[in-house]
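Trainee: One structure coming up, written as structure tokens, with questions to follow.
The values are calculated or read from the model by the stated rules, or taken from the named source; none is laboratory data. Every value quoted in this text rests on a predicted model; they were computed, and no experiment measured them. Positions of Cβ are backbone-derived with ideal geometry, glycine not excepted, and every protein chain shown enters the neighbour counts.
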Amino acid sequence: MHPPASKNALLALYRAWGRVGLLAIRPAGAVVTLIIVGVGASGCSLSRTDAFAKMDDKDVTGSISPTLVNAAMPTDSDLAFARNAASDVLTKGDKDSSQPWENPETGARGSVTPLAQAYSGEDGKTCRDFLASYVNGATESWLQGAACKAGQGRWEIHSLKPWRKS
């Protein structure tokens with residue numbers, strides 16, 4: 001009794017693969033192949049101490065243009081516009097509101113947004129913190145401030161300084 005033709009075809013294919021596949025390269029060839037694949041897949045590095053390998057902080061690599069870490073500080077007139085916007089938005093008393101501002105002299109602009117709820121200050125006055133954006137040309141930064149309610153319901157800005165993430 002002979003096996004079916006399809007089974008004969010599979011056996012012939014299996015024998016041919018043994019002569020052509022990884023089994024055909026024998027154990028020594030398999031070791032060499034694994035070494036070549038391992039070296040090719042791993043990374044190699046060399047340490048160079050000559051002048052070509054040294055970089056300064058000013059050297060740029062990659063395709064992304066460098067950006068300035070320290071944004072320009074607002075001018076006194078920019079701060080005056082931001083202070084007025086802060087006083088206006090705090091006077092309105094809206095819970096989720098922002099007040100835009102713009103200095104036509106310098107082109108600087110931004111917005112002021114109150115943070116959290118009002119609290120009682122050291123002198124018993126009602127105070128509130130706020131965050132102000134500052135955009136001038138390509139530079140953008142944030143300012144943090146605090147204001148307390150003065151006479152006639154007007155808010156007086158006590159501090160306005162660059163925002164530091166904590």
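Trainee: State which residue is modelled with the lowest pLDDT when the search covers only the stretch 96-110 and only residues that are part of a loop (DSSP other than H, G, I, E, B) and farther than 24 Å from Gly151 by Cβ.
Mentor: Only one residue fits best here, namely Asp96.
Trainee: How many of the residues making up the stretch 148-166 are among the aliphatic types (A, V, I, L, M) and over 17 Å from Pro74 (Cβ atoms)?
Mentor: 1
Trainee: Quick one: which residue in Ala71, Ala28, Ala16, Ala53 is exposed (fewer than 10 other Cβ atoms within 10 Å of the Cβ) and modelled with pLDDT under 65?
Mentor: Every option except Ala53 fails the conditions.
Trainee: Condition first: part of a helix (DSSP H, G or I), under 16 Å from Gln117 (Cα atoms) and within 30 Å of the chain's Cα centre (by Cα). Now tell me which residues in the stretch 80-95 satisfy that.
Mentor: Hits for the stretch 80-95 are Ala86, Val89.
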